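I have placed the structure first, in the form of structure tokens, so that the comments after it can refer back to it.
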There are 2 protein chains.
Amino acid sequence: MNWLDEINWDANGLVPVIAQEFNTGKVLMFAWMNREALQLTNDSKQAVYWSRSRNKLWRKGEESGHIQKVHEIRLDCDEDVILINVEQVGGIACHTGRHNCFFKKLDNNQWLTDQAVIKHPDEIYEEKSKHE
Amino acid sequence: MNWLDEINWDANGLVPVIAQEFNTGKVLMFAWMNREALQLTNDSKQAVYWSRSRNKLWRKGEESGHIQKVHEIRLDCDEDVILINVEQVGGIACHTGRHNCFFKKLDNNQWLTDQAVIKHPDEIYEEKSKHE
């Protein structure tokens, strides 16, 4: 049996994916993959997601350069959630220029941002453009 | 503005939730919450999810005793994913009796289980019944 067939894809053919940083254990981001994205992720050992907003494959880092090198791929008990352990190139996983996407902490019934922007998004995407 | 109103609930009124163990950094499980579940989680500081299969609130540990004490609640950049940091009572988060749900590792195109069962599910649920 093909390992991809063992996954319980949802009605849209997607599976939720949690990306965790292998050396810090920090949860970096949450996204989705379809079958092709997961196959490509395993083949290339670089995270490829499915963008639900753009409705196409999203090679993480294709614009920002902040690719994720995949060390490990895990599946949960119900075979419907993927956990990947990754090395975050550039140390920035979030499109806001922060280390990870979970920078809002609930504090006294308010969401407080407790992570600094490492690099301004304009700078991230400008720099990349210069290389192209 | 109420902190619950800042969350981008999906079409079903749910938000995906990642539960991470606060002292080990391990990702324990993935589940969903609706507004009531998240409110209850924050009020009680114990994880309450929404069971999509049973279509009702799921007070984690209500049958197994393996409750999750919530240390921190975080929200992501797009305000549509929650990350909670929890203390896993009993050291077992998964209904299979394992520490966490991500015990299948992709190895040479096969899913290999690399986590032992700490307590057999029959035993977990029997014990609980005895207390009731």
Among DSSP beta bridges lying fully in the stretch B:3-93, give the percent that are antiparallel, nearest 5.
80 percent
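Counting Lys +1, Arg +1, Asp -1, Glu -1, what net charge surrounds A:Leu106 among other residues with beta carbon under 9 Å of its beta carbon? Don't jump to the answer; show the numbers that get you there.
Working: positive: A:Lys104, A:Lys105, B:Arg74; negative: A:Asp107, B:Glu72.
In short, +1.
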Whose amide H sits under 5 Å from the amide H of B:Gln46, counting only residues 5 or more places off or on another chain, with H placed in the peptide plane?
B:Val70
Dipole of chain A [Lys/Arg +1, Asp/Glu -1 at C-beta], most positive-end residue of A:Gln39, A:Asn8, A:Ala19:
A:Ala19
Ascending list, in nanometres, of distances separating the B:Ser51 label from those of the other copies (7 Å, Cα toward Cβ):
3.9
Cross-link table A:Lys60/B:Lys105; A:Lys105/B:Lys119; A:Lys119/B:Lys26; A:Lys26/A:Lys119, entries beyond 30 Å C-alpha to C-alpha:
A:Lys105/B:Lys119
To test your reading of the geometry: what angle, between 0 and 90 degrees and rounded to tens, separates the Cα axis of helix B:35-44 from the longest principal axis of chain B?
70 degrees
Using the Kirkwood formula over every pair of different C-alpha atoms, what hydrodynamic radius in Å results for the stretch B:3-93?
13.0 Å
Diffusion constant of the stretch A:67-131 at 10 °C, which comes from Stokes-Einstein with the Kirkwood Cα-pair radius and 1.306 mPa s, µm²/s:
112 µm²/s
When a footprinting reagent is the concern and you count Cβ atoms within 10 Å, what order do B:Tyr49, A:Tyr125 take, fewest first?
A:Tyr125, B:Tyr49
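Only bridges whose two residues both fall in the protein assembly as shown count here: according to DSSP, what percent of them are antiparallel, nearest 5? Don't jump to the answer; show the numbers that get you there.
Values: 50 of 60 bridges.
Taking every DSSP beta bridge within the protein assembly as shown, about 85 percent pair in antiparallel fashion.
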Taking the alpha-carbon distance from B:Lys45 and a cut-off under 12 Å, which aspartates and glutamates remain once sequence neighbours fewer than 8 residues away in the same chain are dropped?
B:Glu72, B:Glu87
Which angle from 0 to 90°, rounded to the nearest 10, does the C-alpha axis of helix A:121-131 make with the longest principal axis of chain A?
70 degrees
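List A:Phe102, A:Phe22, B:Phe103 from most exposed to least, where exposure is judged by having the fewest other Cβ atoms within 10 Å. Intermediate results must be reported in sequence, preceding the final value.
Details: A:Phe102 27, A:Phe22 17, B:Phe103 20.
If I rank by nearby Cβ atoms, fewest first, I get A:Phe22, B:Phe103, A:Phe102.
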When the C-alpha atoms of the protein assembly as shown are aligned to their principal axes, what extent does each axis show, in angstrom, from largest down?
67, 51, 33
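None of the figures in this text is laboratory data; all of them are computed from the coordinates on show. Quantities reported herein were computed from a predicted structural model and do not represent experimental measurements. Virtual Cβ from ideal backbone geometry, glycine too; neighbours counted across all protein chains shown.
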